[in-house]
Amino acid sequence: MNKITLLRLSGAGALLLAGGVAHADTCKLTVESDDQMRFNTHEMNVPKACTEVEVTLKHSGQLPAKVMGHDWVLARDGDMSAIDNGGLTAGSKNGWLPENDKRIIASTHLVGGGESATVTFSTSLLQEGSRYVFFCTSPGHSSIMRGTFVFGGTRVAQAGK
Ligand SMILES: [Cu+2]
């Protein structure tokens, strides 16, 4: 099930690259989270050749979702705060995710230690050069648990674009 290529280049600034682009249109990425309220990367890149992206969020810690639950949410840079606030309002019964929020491009459900969750979405939802972020909507987590998500190209678009 898990045919995932994960290149860890360096600690917190680790870069995730999708594998098998030439052979498959679905590009698979894995992100790990832990009991210290961290993702193992702050940047994810999806090549333009990918028509679909499959992201698996793993929780390598031991604490239950109630205490240290994490999710993986993708949105445009400017929508993060509003989604985060919506998640707070939605509360734990909704896994800290606002319901039917069209600003959410993709999201996993909340996972606790030892669990994982996968979400698949089409790259037709993404525009090359736009600024996207991935983050966790557990209360207070997005201040640390956030990163840049880049579709196509090798650089994040200039600020203000
Ligand atoms: Cu979290």
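The values are calculated or read from the model by the stated rules, or taken from the named source; none is laboratory data. Here the structure is a predicted model, which is why all the values come from computation and not from measurement. Cβ sites come from the backbone with ideal geometry, for glycine too, and all protein chains shown count toward neighbours. Accessible surface is based on the protein model in full, side chains and every heavy atom, while ligands, DNA and RNA are left aside. Shrake-Rupley method; radii C 1.70, N 1.55, O 1.52, S 1.80 Å.
Summary of values
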| read-out | value |
| --- | --- |
| Residues of segment 130-161 satisfying the condition of being surrounded by 13 or more Cβ atoms within 10 Å (Cβ to Cβ), at pLDDT 85 or above and assigned to a loop (DSSP other than H, G, I, E, B) | SER130, ARG131, CYS136, THR137, SER138, PRO139, ILE144, MET145, GLY152 |
| Index of the failed condition, ILE105 passing every other in (1) free of Cβ contacts under 8 Å to residues at least 12 places away in the same chain; (2) in contact with a Phe, Trp or Tyr (Cβ under 7 Å, 6 or more places away or on another chain) | (1) |
| Residue list for segment 1-55, filter: of a type in the set (D, E, K, R) and at pLDDT 95 or above | LYS28, GLU32, ASP34, ASP35, ARG38, GLU43, GLU52, GLU54 |
| Hits in segment 57-92 (condition: open to solvent by 70 Å² or more (accessible area, probe 1.4 Å), under 14 Å from the mean Cα position of the chain (by Cα) and more than 13 Å from the ligand (Cβ to nearest atom)) | ARG76 |
| Residue within segment 111-128 that is touching a Cys at 6+ places or on another chain (Cβ under 6 Å), away from the ligand (no atom under 12 Å from the Cβ), assigned to a helix (DSSP H, G or I) and touching a residue at least 60 places away in the same chain (Cβ under 8 Å) present | yes |
